[in-house]
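Quick notes on the structure that follows.
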Amino acid sequence: MERVRRALTSDHAIGWVFVAPSVLLVAIFGLYPILSGLWLSFQKASLLSPVREFAGLENYRAIMDDPRLKQAAINTIYYTVLFVPISILGALAIAIALNRRIRFIRFYRLAVFIPVVTSTIATGIMFLWLLDSTYGLANWALGGIGLGPFGFFERPSQAMPSLVAMTIWGWLGFDTIIYLAALQGIPQELSEAAAIDGAGRWSTFRNVTWPLVGPATLLLVVWSTLSALQLFDEVFFVTKGGPLGRTSVVVFYVYRLAFEQGLAIPLAGYAAAIAYVLFLVVLALALVQFWMGNRMVHYSS
Amino acid sequence: MSATATADQLERVDPAALRGEVGMVERRRRRWLPFSPWHLFLLPLAVVMLVPMLWMLVASLETLDQTRHFPPILWPGTLRFENYPNALRAADMGTWFWNTFVVTATVVLSNLVLCSLAAYAFARMRFLGSKAVYFLLLATLMVPLQVVLIPTFLIVKSLGLIDHLGALIVPNLANVFGIFMLTQFFKTLPVELEEAARIDGASRLGILVKIVIPLSAPALATLAVIQFMWTWNDFLWPLVTIINNEGAYTLQLGLAQFQGAHQTDTSLLMAANVMSMLPMLVLFLLAQRYFVRGIATQGLKG
């Protein structure tokens with residue numbers, strides 16, 4: 001009796017009681033999908049019919065010669081290569097500017113932070129209007145300095161850069177907050193010491209600021225790459241993959257296969273295989289970035 | 001590892017500093033302008049960041065004819081506030097708001113409760129398998145919804161939740177990010193108070209509710225606003241799980257559909273959009289410090 005009572009009141013029992021609801025939920029909706037998705041990727045299946053057929057490696061083999069997937073992969077890489085460096089370097093510049101005690105600084109910060117809480121759909125509606133090729137404010141403003149007119153989302157060659165511009169508007173605040181936090185972690189004595197040693201602004205930046213925000217930069221590079229490779233909402237809502245498939249990205253292609261065409265035709269297994277390959281690529285890339293980054297980044301303290 | 005190093009660095013930052021109240025770098029320099037030269041960069045930047053919103057606001061107060069004009073009419077003269085009630089009538093926005101509110105409120109509350117419980121156990125108790133379980137939970141943070149969308153959909157479908165608000169609620173009742181954030185926070189609290197209470201015979205639950213929770217208000221507020229933002233703005237998950245039931249549309253889903261149906265009715269669409277953004281913006285203005293802190297801590301999520 002005594003032993004039972006002690007077991008029940010010990011941390012073993014109560015600990016599990018505390019974590020059980022969360023662990024159960026995460027196991028069902030976080031861990032299990034990873035395994036069942038892998039299983040699905042070896043099958044011929046559609047989302048709505050219970051009929052499934054084992055297909056071996058067929059789905060994975062099909063990935064190799066799917067021209068539309070190749071196009072989607074190229075588009076995804078194009079987006080990532082534009083988005084990651086521009087958003088991160090832009091955010092660093094902005095964070096440095098916002099890291100001072102000048103008048104209106106709270107207003108400036110608010111202006112940069114506000115898009116962070118704006119939903120993709122709301123952002124999309126605003127930018128479809130702003131970048132409207134006929135009545136858009138952007139064409140009017142750019143025309144004022146002798147540029148354009150642009151077709152933006154309607155022109156095959158301009159759609160992706162327009163998407164990049166729109167998503168950078170939405171993401172800048174996020175990156176800037178991370179950089180601001182890192183900048184404020186820099187002891188003031190360090191930049192003062194550099195100034196006393198006669199270092200100029202650029203030299204201080206190069207030798208003090210840049211190395212010290214290294215961890216934040218690494219984090220943002222990994223994270224921005226991850227989210228850029230998984231771009232979906234903006235493409236789905238704003239460009240629908242067009243024009244001429246020029247903004248069709250991998251996750252969008254997977255969505256179409258599984259949830260539009262795959263409802264009736266058994267394409268869900270193939271879509272799951274693509275998603276799995278994307279997952280492995282993303283994971284490998286993150287690990288490589290962290291590994292390389294850790295060799296270059298200096299951690300203080 | 002590296003993420004933790006950055007995490008520690010971010011943890012030490014005072015949110016007041018991020019908002020621009022204390023402790024910023026200030027250099028005395030000879031002035032070549034009557035104001036700081038940084039304004040020359042920051043003012044145009046602020047304008048560019050705000051223009052999409054201001055332009056939406058202007059269009060929401062114009063007539064349809066005024067929006068169909070090039071060069072654009074920058075100020076409509078008389079403001080047409082009728083666009084707002086008209087937008088509310090043009091679609092079932094009330095239902096969207098209500099659904100989104102129900103989902104968001106449930107998810108936020110449940111996360112506060114379940115994540116606190118789990119985080120307290122992970123932070124303060126040693127139980128069989130606790131380390132392994134914690135690690136396994138964290139590992140799922142690496143897997144974004146996009147890549148497990150199809151299997152997760154199939155699970156929710158087999159639970160019979162498709163086309164119900166439950167599909168949006170149940171899978172999100174406990175978020176690993178919340179568990180992680182609160183575990184880190186609870187570990188920073190002084191353990192002496194809890195020990196004293198233990199000696200006085202308080203239960204674990206009693207300690208959590210009476211001692212730990214009151215000390216954790218800022219962390220809980222941070223989790224609440226971040227979770228609120230994620231749930232309120234979520235689009236992909238409602239998109240795949242609410243298929244044939246407009247009565248279960250969330251605000252984002254409804255807006256996306258509204259945009260398709262009223263593409264050319266710009267003033268109506270913009271009025272609807274302004275209304276959809278208002279709750280989030282108000283919350284942001286009221287709780288800016290918690291948003292900023294939450295985003296700075298989100299750095300851990302990667």
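The values are calculated or read from the model by the stated rules, or taken from the named source; none is laboratory data. Predicted model only: the values in this text are computed from it and were never measured. Every residue, glycine among them, receives a Cβ derived from its backbone with ideal geometry; neighbour counts consider all protein chains shown.
Take residues that are closer than 27 Å to A:LEU287 by Cα and tell me which of the helices (runs of 4 or more DSSP H) falling wholly in the stretch A:165-246 contain 1 or more. Talk me through it step by step, then tell me what you get.
Numbers: elements: A:188-196, A:201-204, A:214-229.
By residue number, A:214-229.
Only one entry of B:ALA118, B:ALA123 meets the criterion of being facing another protein chain (nearest Cβ under 7 Å) and either hydrophobic (A, V, I, L, M, F, W, C) or within 16 Å of B:ASP234 (Cα to Cα) (or both), and that entry is B:ALA118.
Among the residues of the stretch B:58-71 satisfying the criterion of being under 34 Å from the mean Cα position of the chain (by Cα) and assigned to a loop (DSSP other than H, G, I, E, B), which is modelled with the lowest pLDDT? Show your work before the answer.
So in the stretch B:58-71, the residues under 34 Å from the mean Cα position of the chain (by Cα) come out as B:58-64, B:67.
Now narrow it down to the ones that are assigned to a loop (DSSP other than H, G, I, E, B): B:61-63.
Working: B:LEU61: 92, B:GLU62: 89, B:THR63: 86.
Top of the filtered list is B:THR63.
Per the listing B:ALA219, B:ALA174, B:ALA167, B:ALA224, the residue uniquely within 12 Å of chain A (Cβ to nearest Cβ) and under 16 Å from the mean Cα position of the chain (by Cα) is B:ALA174.
Does B:GLY201 satisfy the condition of being under 21 Å from A:PHE232 (Cα atoms) and either away from chain A (no Cβ under 14 Å) or at pLDDT below 90 (or both)?
Numbers: under 21 Å from A:PHE232 (Cα atoms): no; either away from chain A (no Cβ under 14 Å) or at pLDDT below 90 (or both): yes.
No: the conditions fail for B:GLY201.
Being among the β-branched types (Val, Ile, Thr), in contact with a helix residue (DSSP H, G or I) (Cβ under 7 Å, 6 or more places away or on another chain) and assigned to a helix (DSSP H, G or I) holds for only one residue in B:VAL282, B:VAL274, and it is B:VAL274.
Give the stretch A:264-283 a look and list any residue that's aliphatic (A, V, I, L, M) and within 18 Å of A:ALA55 (Cα to Cα), or say none.
Within the stretch A:264-283, A:ALA264, A:ILE265, A:LEU267, A:ALA268, A:ALA271, A:ALA272, A:ALA273, A:ILE274, A:ALA275, A:VAL277 meet the criteria.
Identify all residues within the stretch A:96-108 that are hydrophobic (A, V, I, L, M, F, W, C) and part of a loop (DSSP other than H, G, I, E, B); write none if there are none.
Passing the criteria: A:ILE102, A:PHE104.
Hey, among A:ALA111, A:ALA72, A:ALA62, which residue is within 11 Å of chain B (Cβ to nearest Cβ) and in a helix (DSSP H, G or I)? It would help to see each step written out before you state the result.
Working: A:ALA72 fails: within 11 Å of chain B (Cβ to nearest Cβ); A:ALA62 fails: within 11 Å of chain B (Cβ to nearest Cβ).
Just one listed residue meets the conditions, A:ALA111.
Annotation for the stretch A:119-130: at least one member residue is closer than 30 Å to B:GLY160 by Cα and in a helix (DSSP H, G or I).
Scoring B:ALA174 on the criteria (1) within 18 Å of A:ALA258 (Cβ to Cβ); (2) not in a helix (DSSP H, G or I) leaves a single failure, condition (1).
Residue selection: B:ALA271 satisfies the criterion of being of a type outside the set (S, T, N, Q) and either touching a His at 6+ places or on another chain (Cβ under 9 Å) or crowded, with 23+ Cβ neighbours inside 10 Å (or both). I'd like the residue in the stretch A:119-130 that is touching a residue at least 12 places away in the same chain (Cβ under 8 Å) and surrounded by fewer than 24 Cβ atoms within 10 Å (Cβ to Cβ) and, out of all such residues, is nearest to the other protein chains (Cβ to nearest Cβ). For the stretch A:119-130, the residue satisfying everything is A:THR120. Among B:PHE135, B:PHE127, which is over 21 Å from the mean Cα position of the chain (by Cα) and surrounded by 17 or more Cβ atoms within 10 Å (Cβ to Cβ)? The unique qualifying residue is B:PHE127.
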